[in-house]
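What follows draws every value from the coordinates through simple rules; no lab data is involved. This is a predicted model, so every value here is computed, not measured. Methodologically, a virtual Cβ is constructed for each residue, glycine included, from the backbone with ideal geometry; neighbour enumeration extends over all protein chains shown.
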Amino acid sequence: MTAQTIDGNALSRQLRADVARRADALKARGTTPGLAVVLVGDSPASQVYVRNKVKACEDNGLHSVLEKYDADLSEADLLARVDALNADPAIHGILVQLPLPRHIDAQKVIEAISPEKDVDGFHVASAGALMTGTSGFWPCTPYGCMKMLESIGMVDMPPRPGLPGPPPEGAAGARERPVVARDLRGKHAVVIGRSNIVGKPMALMLLAQNATVTVCHSATPDLGAFTRQADVVVAAVGKRDVLTADMVKPGAVVIDVGMNRTDEGKLCGDVDFAGVSEVAGWITPVPGGVGPMTITMLLVNTLEAAERAAGA
C-alpha cells in the first residue's frame, strides 16, 4: 500500500479563495478585516513565520499591521500595546508571535488579548469555548488538521468557519443538533503530544467528532501499542521519527504536525514519511502539509472576527 498525500498547499489555495471572496463582501459593506501581528525580538524563525502571515493577509484581501519591538521591551509596555490594539476598531485579530523573551509572561500577554480578537485561539476563554462547544476561536493548527480530515471525507465540519458549533445537549441555549453526515464515530484517534497549542485542542476537536481519543506523550510507555490500534494518528511533539512504519495500522490516516530538520538541514516532520507512506492510507507531507493550513486558518479566524464585528 502506498498512502495518498493530503496536499495542504492545494487545500489552502481553495480556502484562501473563499477568504478573499468573503473579505471583498465585507469591504463592500465598509469593513476591511484587519490583523495586527506583534513581534518582540529578532528570532530568525519568528521573523519568517510573521512575514508569511503578513503576506498571506495581503494576498487575500485582509489588512495587516506588523509591529516589531526589541527584545528588551518591557512586559508592561507590551501589555499596554495589546490594550491599545484591543481598542482599535480597525483591528479584528491580534497575534503575538511566540515565544516571547524570558522576562515576559507569555500567558499574561495572551490573556490580555480580547477574546473577540483572539484569532490564535490561545485565550482561556477560547479554550473554554472549545471545551464546552460554544462559540469561540479554534487554535489554527488543530483547526487546519480537522479541515484536512474533512477534505478526504472523514468528517463534516461546522458550516461557519470559526464557530465550534451549538452548545451541548441540555446546556442553556442548546437546540437539537443537526444531523452530521460524516464523523469519526467508531474510529480510534491517537494524538501524540499534549501541548495547549496543538495536542489538547486537537483531542477535543476529534472528540467532538465522536472519535474515541487517546492522548499519548513523553511519559507514555510503548507508544506503538496505542498507535497500531489507531485509525487516525496526529503527531505533534517536535521530534523526528516519533512515528515509524511498524507503529502504524494499515490504511490509517496520519497527520504530521511536526517541524524539524534532518542532519542535512532539510525540513521534516515527526513522522518517518517514507516508511509510513508504505503502510498508511493517507498522510500529510512536511513541508506542504499542516504548515500552510495553520496560516490559512488564521486568515479564516480573522475574517470570522471581522464578520462578527460587522454583524455579518
query = Amide H to amide H under 5 Å from ILE192: which residues, 5+ apart in sequence or cross-chain, H placed 1.01 Å off N in plane?
reply = CYS216, VAL234, ALA235, ALA236
ask   = Quick one: putting +1 on the C-beta of Lys and Arg, -1 on the C-beta of Asp and Glu, what dipole do you get for the stretch 29-120 around its Cα centre, in Debye to the nearest 20?
value = 300
task = Would you mind finding the longest exposed-site-free stretch of the chain, with exposed GluC sites (Glu not before Pro) meaning DSSP loop and at most 11 other Cβ atoms within 10 Å?
result = 1-168
query = Using θ = phi - 60° and the Karplus curve 6.51 cos²θ - 1.76 cosθ + 1.60, what whole-Hz ³J(HN,Hα) does each residue of the stretch 38-45 get, with Gly and Pro shown as x?
reply = 10, 10, 10, x, 10, 4, x, 5
ask   = Once phi is turned into θ = phi - 60°, what whole-Hz ³J(HN,Hα) does the Karplus curve with 6.51, -1.76 and 1.60 give for every residue of the stretch 99-111, x standing for Gly and Pro?
value = x, 9, x, 4, 7, 10, 7, 4, 5, 4, 5, 4, 5
query = How large is ³J(HN,Hα) for each residue in the stretch 260-266, as worked out from phi by the Karplus curve 6.51 cos²θ - 1.76 cosθ + 1.60 (θ = phi - 60°), to whole Hz, x for Gly and Pro?
reply = 10, 10, 6, 4, 8, x, 7
task = Return the long-range amide H neighbours of VAL213 (sequence gap of 5 or more, or a different chain), with a cut-off of under 5 Å between placed amide H atoms.
result = ALA189
remark   = Taking alpha-carbon centroids only, the stretch 18-41 lies from the stretch 83-147 a number of Å equal to 16
Charge dipole magnitude, Cβ of K and R +1, D and E -1 - the chain, Cα centre, debye nearest 20 = 620
ask   = Which trypsin sites (Lys or Arg not before Pro) in the stretch 69-133 pass both tests, a DSSP loop state and at most 14 other beta-carbon atoms within 10 Å?
value = ARG102
request  = Give, in nm to one decimal, the length gained when the segment between ARG240 and ASP18 is fully stretched (0.36 nm per residue of separation minus the Cα-Cα distance).
outcome  = 76.5 nm
request  = State the Kirkwood hydrodynamic radius of the chain in Å, one decimal place, computed from all pairs of distinct Cα atoms.
outcome  = 20.1
task = Once you have all Cα-Cα distances for the stretch 29-120, histogram them in 5 Å bins from zero and send the whole-percent values.
result = 3, 14, 26, 25, 20, 9, 3, 1, 0
Pairs from LYS68/LYS117; LYS108/LYS266; LYS68/LYS239 whose Cα-Cα separation, in the structure shown, is over 26 Å = LYS108/LYS266; LYS68/LYS239
